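The values are calculated or read from the model by the stated rules, or taken from the named source; none is laboratory data. These numbers were taken from a predicted model, which means no experiment stands behind them. For neighbour counting, all protein chains shown are included, and Cβ atoms are generated from backbone atoms with ideal geometry for every residue, glycine included. Just the protein is used for accessible areas: all its heavy atoms, side chains included, with ligands, DNA and RNA removed. Shrake-Rupley method; radii C 1.70, N 1.55, O 1.52, S 1.80 Å.
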Amino acid sequence: MDIAAITSAWVAGWTVSRGTPAAVVEPWGYRIEVGHPRHPFRHVLPHPDAMSVGKLCADITEPWAWLKVMATPEEVAPWITEGWTIPDDPGFMMTKTLDPSARPAPPEGYARTTETRDGVIRVRILAPDGTLAARGQIAPTGATAVADQIETDPAHRRRGLGANVMRTLEAAAAQAGATTGVLSATTDGMALYDSLDWYHRGPLTGIVRTG
């Protein structure tokens, strides 16, 4: 998959995962109506350049609007105009060939649940006291599936819970017919995904209109 196909798959799966309307295709990429007060919409640009990013920055005045561009923060910084910032850590697009047999047993002492609702597969791992220790979800959309919102409670980290959630999601998505996984990783998440054989495919930078 090239970056355009990866971006298209990520946008399709992300909208399903977050329960937003389907993305609108624009000349520069995609527009997603998110509908959150601090994230009303996002524009996704698979092939950003100074002209397209600069024009969007000039045209968009709504506070907390986001641009997501497939370029590094260093590349993007000269393109943005006053009123826009790059607040996030660097992001990374990643893909992986999914294995339907990769589902591991739940970690000892923990309980794991898997459910599918509104096209999204959700995995939760509960601690012995019943509290949520780790979670994640994945949205299959045909041949691809987008992993999203992978989280481990700080009190339960370094116990393999994140890897268990990911393996379980990957297998469930593969069993649902997806062959390729797609995700956007933070710097903190890279170590986990690297250890699970996810492949880095390019940068992803967030830009936000200040409130």
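In segment 66-80, which residue that is in contact with a Pro (Cβ under 6 Å, 6 or more places away or on another chain) and part of a loop (DSSP other than H, G, I, E, B) is least open to solvent (accessible area, probe 1.4 Å)?
Looking at the filtered set, the residue picked out is ALA71.
Considering segment 1-27 alone, what residues qualify as being part of a loop (DSSP other than H, G, I, E, B), surrounded by 14 or more Cβ atoms within 10 Å (Cβ to Cβ) and modelled with pLDDT of 95 or more?
From segment 1-27, those part of a loop (DSSP other than H, G, I, E, B) are 1-2, 19-23, 27; that's our starting set.
This time we only want the ones that are surrounded by 14 or more Cβ atoms within 10 Å (Cβ to Cβ), so: 1, 20, 23.
Matches in segment 1-27: THR20, ALA23.
Looking at GLY130, GLY83, which one is open to solvent by less than 60 Å² (accessible area, probe 1.4 Å), over 20 Å from the mean Cα position of the chain (by Cα) and free of Cβ contacts under 8 Å to residues at least 12 places away in the same chain? Even if it seems obvious, please write down each step before you answer.
Details: GLY83 fails: free of Cβ contacts under 8 Å to residues at least 12 places away in the same chain.
Selected residue: GLY130, the only one of GLY130, GLY83 that is open to solvent by less than 60 Å² (accessible area, probe 1.4 Å), over 20 Å from the mean Cα position of the chain (by Cα) and free of Cβ contacts under 8 Å to residues at least 12 places away in the same chain.
Restricting attention to segment 34-65, which residues are in a strand (DSSP E or B) and open to solvent by 80 Å² or more (accessible area, probe 1.4 Å)? Spell out the reasoning first.
Step one: list which residues in segment 34-65 are in a strand (DSSP E or B), which gives 34-36, 39-45.
If the condition is that a residue be in a strand (DSSP E or B) and open to solvent by 80 Å² or more (accessible area, probe 1.4 Å), then HIS36 is the only one that fits.
Anything in segment 87-102 that is over 17 Å from the mean Cα position of the chain (by Cα), open to solvent by 50 Å² or more (accessible area, probe 1.4 Å) and not polar (S, T, N, Q)? List them, or say none. Reasoning before the result, please.
Let us first name the residues in segment 87-102 that are over 17 Å from the mean Cα position of the chain (by Cα), namely 99-102.
Okay, now just the ones that are also open to solvent by 50 Å² or more (accessible area, probe 1.4 Å), so 99-101.
Correct list: ASP99, PRO100.
Take THR152 and tell me if it is without any contact (Cβ under 8 Å) to a residue 24 or more places away in the chain, surrounded by 21 or more Cβ atoms within 10 Å (Cβ to Cβ) and not acidic (Asp, Glu). Working first, answer last.
Numbers: without any contact (Cβ under 8 Å) to a residue 24 or more places away in the chain: yes; surrounded by 21 or more Cβ atoms within 10 Å (Cβ to Cβ): yes; not acidic (Asp, Glu): yes.
For THR152, the condition - without any contact (Cβ under 8 Å) to a residue 24 or more places away in the chain, surrounded by 21 or more Cβ atoms within 10 Å (Cβ to Cβ) and not acidic (Asp, Glu) - is met.
Could we say that ALA105 is aliphatic (A, V, I, L, M), open to solvent by 70 Å² or more (accessible area, probe 1.4 Å) and farther than 18 Å from VAL11 by Cβ here?
Working: aliphatic (A, V, I, L, M): yes; open to solvent by 70 Å² or more (accessible area, probe 1.4 Å): yes; farther than 18 Å from VAL11 by Cβ: yes.
So ALA105 passes the test.
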